[in-house]
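Q: Take a look at the following structure, please.
No lab work stands behind these numbers, since they all come straight from the coordinates. All of these numbers come straight from a predicted model, not from anything done at the bench. Ideal geometry is used to build each Cβ from the backbone, glycine not excepted, and the neighbour counts take in all protein chains shown.
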């Protein structure tokens, strides 16, 4: 393996911070939802809020980066989806046929990231509403969303969506594009690898 | 005088107001006429008012207010009683207290003396100075919104051209009702209201933030077994307490002149000040994880989430197995090709 700058350092840093903060958010959030051990509520709430701020700032910076000079917004906002590519991709997933040349796997992958990022922002907004539920603007938004309980349930439900996504994300990354896993975590590549 | 002080404190008025309020109370010799209407109710709010300790019921009815019409406590009946109401309407400037919801599906669900309750409310509100909806039914409609055939509605949905103050809780807290009336009499103004027409003074703070058991919550002590004496003072969240979603001053101003309130008595908050009460806050004694969307009403949120994630995991596992079994085994070269292609 050799060092590679295939995935820029900011993207790798983002991914690490994202991974750790999301793990903290999931565990502490689950504790607040269903306390699984005594005497930790204060600590867990503190951890949840701290991780939430780190996560949110991280996400905002990543979006800023995506639209910056070396930004990669195009592949998320303008994925090259067409019928032929979809047909080949689905045949690949369902019949285990090899994909012909091209970025087929990554195109749908990036499209799914776009959806997830939008949902992450929804998650941030619902989270903020749950902390700051008493101002006049928050109360209006909460009413719009169907009451504070609906907001809480939405926050919880989205957590499950992210959990399901993470399962698929990890499976796909490891089986479809393992070299990229090494790239994003370690910045290392097999010499042969020439993906982007 | 004690009551006047309480009223002053409740609305955070300067101490000087205590005198104004005392004056207003004295003026109650001209006593503000009150018409108390009962629609689709259980008379629990009346009961609550009559159980009031400070002011006591007799003080309230005989001295503080001039209740001209009240279906449960008035001595007169039939034509005589109705006549008293009509006379008061002619006088004008009275306060109407509405208890219970008004049927929207069909007027005939609630009729008094052959007249529909909706009409009675409308004609009584016509000359009123102030309309107060007491209790959750009069505030938001039938407590179990959408599940009663009469489709009860709150008083504010009907009375549009008069100032309406709503005092939800099941039943109404007497101190709030008396304070609101006193405030109106002494200032001539309707107290500052929130978006649900509730006085900000009583309904602006989250119960959870002022709960006497908040320490137990922070510490992670949650009551799971009603019979365990060690858990007697534990947080009631897992037993369905709606405190984290309920705006009320219950934790600061206890019921019946500070005697007690739900959580202190060991009962989880039912969230009766909120429009979500009761249907969207059920079940009462369990942490609420059900969806409140139409037919999905009884589906557990965590079950859906677990199923979703489980399906993803099972799918990944099955796909992985399939990959091992079905993937073209002569793919060594193809893999190389593919890697290059990518």
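Q: With angles folded into 0 to 90 degrees, how steeply does helix A:104-131 sit against the dominant principal axis of chain A? Use alpha carbons for both and round to 10.
A: 10
Q: Need one number: convex hull volume per residue for the stretch A:1-66, Cα atoms only, in Å³.
A: Per residue, the Cα convex hull of the stretch A:1-66 comes to 98 Å³.
Q: Let me ask something else about it. Once both axes come from the Cα atoms, what is the angle between helix A:148-176 and the longest principal axis of chain A, in degrees from 0 to 90, rounded to 10?
A: 20
Q: Quick check on the stretch A:37-83: take the gyration tensor over C-alpha atoms, sort the square-rooted eigenvalues as a ≥ b ≥ c, and tell me if it's rounded (a/c under 1.5), prolate or oblate.
A: The shape class here is oblate.
Q: Hey, another quick one. When the helices in the protein assembly as shown are scored as -39500 (n - 2.57) per DSSP H run of 4 or longer and the sum is shared across all residues, what 222 nm value do you end up with, to the nearest 500 deg cm²/dmol?
A: Helices in the protein assembly as shown give a 222 nm mean residue ellipticity of -15500 deg cm²/dmol.
Q: Can you sort A:50, B:169, B:309, B:246 so the residue with the fewest Cβ neighbours within 10 Å comes first?
A: Least to most surrounded, the residues fall as A:50, B:309, B:246, B:169.
Q: Moving on. How big, in percent, is the set of alpha carbon pairs in the protein assembly as shown lying more than 39 Å apart?
A: 44
Q: What are the extents of the Cα atoms of chain A along their three principal axes, listed from largest to smallest and rounded to whole Å?
A: 54, 37, 37
Q: Using Cα pairs closer than 8 Å and at least 6 residues apart in sequence, work out the relative contact order for the stretch A:124-196, in percent.
A: Once divided by the residue count of the stretch A:124-196, the mean separation gives 19 percent.
Q: What fraction of the DSSP beta bridges in the protein assembly as shown is antiparallel, stated in percent and rounded to the nearest 5?
A: Bridges in the protein assembly as shown are about 35 percent antiparallel.
Q: Here's something else I'd like to know. Any idea what angle helix A:83-95 forms with the longest principal axis of chain A, computed on alpha-carbon atoms, 0 to 90 degrees, nearest 10?
A: Between helix and principal axis, roughly 80 degrees.
Q: Shape of the stretch B:27-100 from its Cα gyration tensor (a ≥ b ≥ c, root eigenvalues): rounded if a/c is under 1.5, otherwise prolate when a/b > b/c, or oblate?
A: It is oblate, given that a/c is not under 1.5 and a/b is not larger than b/c.
Q: Over the stretch A:2-189, what relative contact order in percent results from Cα pairs under 8 Å that are six or more residues apart?
A: For the stretch A:2-189, the relative contact order is 28 percent.
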